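K.L.:
Handing you a structure now.
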Amino acid sequence: MPDSHLMHRRLVILGSTGSIGTQTLEAVAHLNALAERGQSRQRFEVVGLLARSNGGMLADQAARFGVPVLALGDEDGTIQTRARVLRGAGAAEELVRATRPDLVVTAMVGAAGIPATLAAAEMGIDIALANKEALVAAGQLVVPAARRSGARLLPVDSEHSGLWQCLQGLCPRGELLVPPTPAPAVVRRAIITASGGPFRTTPVERMRAATVEEALAHPTWSMGPKNTIDSATMVNKGLELIEARWLFDLSADRLGVLIHPQSIVHAIAELADGSSIAQLSAPDMRCPIQLALTWPMRAEGCARAIDWRALASLEFAEPDPARFPAIGLAFEAIRRGGGAGAVFNAANEVAVGAFLGRCIPFGRIVEIVGEACATVACARAGTLTEIMAIDGAAREFAAGRVGG
Ligand code: NDP
Ligand code: MG
């Protein structure tokens, strides 16, 4: 295929040294190799990468992919490279503004991703969204900004990628369904699945006292530490409910969660006519990552496919609210609106940090989130300054509970 037929896309990856970031670079290498062989029409040029402190890996990635601009969130992080290096808490946003890519993959962790996500949405840059916390805390700013600029929020989170694919099938005349966009009215309920994590069947009292090592041993997914703990508490599913609310304008009564230990079915759209559409793929993040990169096209995958012959059963169960109270707290946050998502997220970030630092028992994480949600004022959340103030207040509250 002559080069002129290739679609050239300039890419920035925020959080390139993490679990999603490294798998994104794997997908980029795979897709570029396909393009080289004439088997794909898209070619990706990585124009910027960001990490927090892992300058060694960042420099290696930059050399391998020929990346001209790098960024380190840590002011003092060391790096040896010929590339230009931006530094500090504002480096993620600065990187997006300096490079103006076609697509930014947001794969950093936590509310630290808010300014860069919002900047990309305002600039009309497409966002392959992994950093769900930014949308949970600031969806009321990011979604309208994306609508105004035409930026698309392409889900990387497997459940939302799955839901996106389910909803795509409902568009009359084969139009593209471009998030953020309301789910079609025929969708009665959108269900996202959860593996149940390492404590799906552990007695609740025993689970409350789980060690860091036990909580980090996820049965089906391999992820960064924060997301793995969020999966064990099911705060991750709570964050994902709020994420789905923003991506597809779904009210709390049109959202649901099912425990599905095999992690094969990622999302189900229940339709008004009694039919359901589900999306299935192996638990391999390279599958949704690649779709966010190639959409609206698809290419030969670098992720593993489902082995149907080895698949004995697909099980589904309602989550037990006594075991996983985080889901109820997330539904409440969706109903309350305002800055409730910012409180839910920030309190959790502090509590997870404290658990990983062995300062609080596992069972305290969600209790602290619940206490913050019940206490921290969050009605005024219409500007970035107001949201950051709520985020700060929730962090302060949670830090007090962690110490006390
Ligand atoms: P990791 O902890 O594996 O990686 C995080 C990445 O972000 C690293 O590159 C890290 O740099 C960088 N980073 C973290 N904090 C900052 C900061 N303050 N400033 C600059 N860079 C920072 O996380 P994951 O890849 O697991 O998760 C990334 C995001 O994707 C999260 O929002 C998560 O919820 C979401 N997600 C993850 C999934 C998964 O399978 N892992 C699935 C679905 C969503 P350094 O290496 O230097 O610390
Ligand atoms: Mg997920």
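K.L.:
Within the stretch 217-230, is even one residue within 16 Å of ligand 1 (Cβ to nearest atom), within 19 Å of the chain's Cα centre (by Cα) and among the aliphatic types (A, V, I, L, M)?
P.N.:
yes
K.L.:
Tell me whether the stretch 212-230 contains one or more residues that are free of Cβ contacts under 8 Å to residues at least 60 places away in the same chain, at positive phi and in a helix (DSSP H, G or I).
P.N.:
No, the stretch 212-230 has no match at all.
K.L.:
Now, a different point. Within the stretch 159-184, work out how many residues are in contact with a Pro (Cβ under 7 Å, 6 or more places away or on another chain), more than 16 Å from ligand 2 (Cβ to nearest atom), open to solvent by less than 30 Å² (accessible area, probe 1.4 Å) and part of a loop (DSSP other than H, G, I, E, B).
P.N.:
0
K.L.:
Would you confirm, using the coordinates I've provided, whether Phe65 is of a type in the set (Phe, Trp, Tyr) and over 22 Å from Asp284 (Cα atoms)? It would help to see each step written out before you state the result.
P.N.:
Numbers: of a type in the set (Phe, Trp, Tyr): yes; over 22 Å from Asp284 (Cα atoms): yes.
For Phe65, the condition - of a type in the set (Phe, Trp, Tyr) and over 22 Å from Asp284 (Cα atoms) - is met.
K.L.:
Select, from Ala112, Ala134, Ala121, the only residue that is in contact with a Leu (Cβ under 8 Å, 6 or more places away or on another chain), free of Cβ contacts under 8 Å to residues at least 60 places away in the same chain, part of a helix (DSSP H, G or I) and within 9 Å of ligand 1 (Cβ to nearest atom).
P.N.:
On the way: Ala112 fails: in contact with a Leu (Cβ under 8 Å, 6 or more places away or on another chain); Ala121 fails: within 9 Å of ligand 1 (Cβ to nearest atom).
Answer to the selection: Ala134.
K.L.:
Separate question: Grab the helices (runs of 4 or more DSSP H) fully contained in the stretch 332-404, keeping just those with 3 or more residues being open to solvent by 50 Å² or more (accessible area, probe 1.4 Å). Walk me through it before giving the result.
P.N.:
Numbers: elements: 340-356, 362-375, 384-403.
Fully inside the stretch 332-404 and qualifying: 362-375, 384-403.
K.L.:
Still on this model: Looking for whichever is within 16 Å of ligand 2 (Cβ to nearest atom) and at pLDDT 95 or above here; the options are Val105, Val85. Which one fits?
P.N.:
Numbers: Val85 fails: within 16 Å of ligand 2 (Cβ to nearest atom).
Testing whether each residue is within 16 Å of ligand 2 (Cβ to nearest atom) and at pLDDT 95 or above leaves just Val105.
K.L.:
Ok, one more. Is there a residue in the stretch 279-289 that is surrounded by 19 or more Cβ atoms within 10 Å (Cβ to Cβ), modelled with pLDDT of 95 or more and assigned to a strand (DSSP E or B)?
P.N.:
yes
K.L.:
Would you say Leu129 is within 16 Å of ligand 2 (Cβ to nearest atom) and in contact with a Leu (Cβ under 7 Å, 6 or more places away or on another chain)?
P.N.:
Here the answer is yes, as Leu129 does meet what is asked.
K.L.:
Kindly provide the set of residues from the stretch 159-201 that are touching an Asp or Glu at 6+ places or on another chain (Cβ under 9 Å), in contact (Cβ under 8 Å) with a residue 40 or more places away in the chain and within 16 Å of ligand 1 (Cβ to nearest atom), ordered by number.
P.N.:
Glu159, His160, Ile192, Thr193, Ala194
K.L.:
Taking the residues in the stretch 38-59 that are assigned to a helix (DSSP H, G or I) and open to solvent by 40 Å² or more (accessible area, probe 1.4 Å) as candidates, determine which candidate is nearest to ligand 2 (Cβ to nearest atom).
P.N.:
Taking the stretch 38-59 and keeping what is assigned to a helix (DSSP H, G or I), we get 55-59.
From what's left, open to solvent by 40 Å² or more (accessible area, probe 1.4 Å): 56-57.
On the way: Gly56: 29, Met57: 24 Å.
Of everything passing the filter in the stretch 38-59, Met57 is nearest to ligand 2 (Cβ to nearest atom).
K.L.:
Ala232 - would you say it is closer than 30 Å to Ala210 by Cβ, surrounded by fewer than 21 Cβ atoms within 10 Å (Cβ to Cβ) and within 16 Å of ligand 2 (Cβ to nearest atom)? First the steps, then the outcome.
P.N.:
Values: closer than 30 Å to Ala210 by Cβ: yes; surrounded by fewer than 21 Cβ atoms within 10 Å (Cβ to Cβ): no; within 16 Å of ligand 2 (Cβ to nearest atom): yes.
Against the criterion (closer than 30 Å to Ala210 by Cβ, surrounded by fewer than 21 Cβ atoms within 10 Å (Cβ to Cβ) and within 16 Å of ligand 2 (Cβ to nearest atom)), Ala232 does not qualify.
K.L.:
Then there is this: Would you mention how many residues in the stretch 11-37 are within 16 Å of ligand 2 (Cβ to nearest atom) and of a type in the set (Val, Ile, Thr)?
P.N.:
2
K.L.:
Being away from ligand 2 (no atom under 16 Å from the Cβ), farther than 24 Å from Glu122 by Cα and either assigned to a helix (DSSP H, G or I) or open to solvent by less than 70 Å² (accessible area, probe 1.4 Å) (or both) is true for just one of Ala62, Ala92, Ala98. Which residue is that?
P.N.:
Ala62
K.L.:
Hey, can you tell me all the residues within the stretch 242-270 that are charged (D, E, K, R) and at positive phi?
P.N.:
Passing the criteria: only Asp249.
K.L.:
Provide a single number: the residues in the stretch 137-158 that are part of a helix (DSSP H, G or I), within 14 Å of ligand 1 (Cβ to nearest atom) and in contact with a strand residue (DSSP E or B) (Cβ under 7 Å, 6 or more places away or on another chain).
P.N.:
1
The values are calculated or read from the model by the stated rules, or taken from the named source; none is laboratory data. All values derive from a computational prediction rather than experimental measurement. Virtual Cβ from ideal backbone geometry, glycine too; neighbours counted across all protein chains shown. In case anyone asks, the SASA skips ligands and DNA or RNA and just uses the protein heavy atoms, side chains included. Shrake-Rupley method; radii C 1.70, N 1.55, O 1.52, S 1.80 Å.
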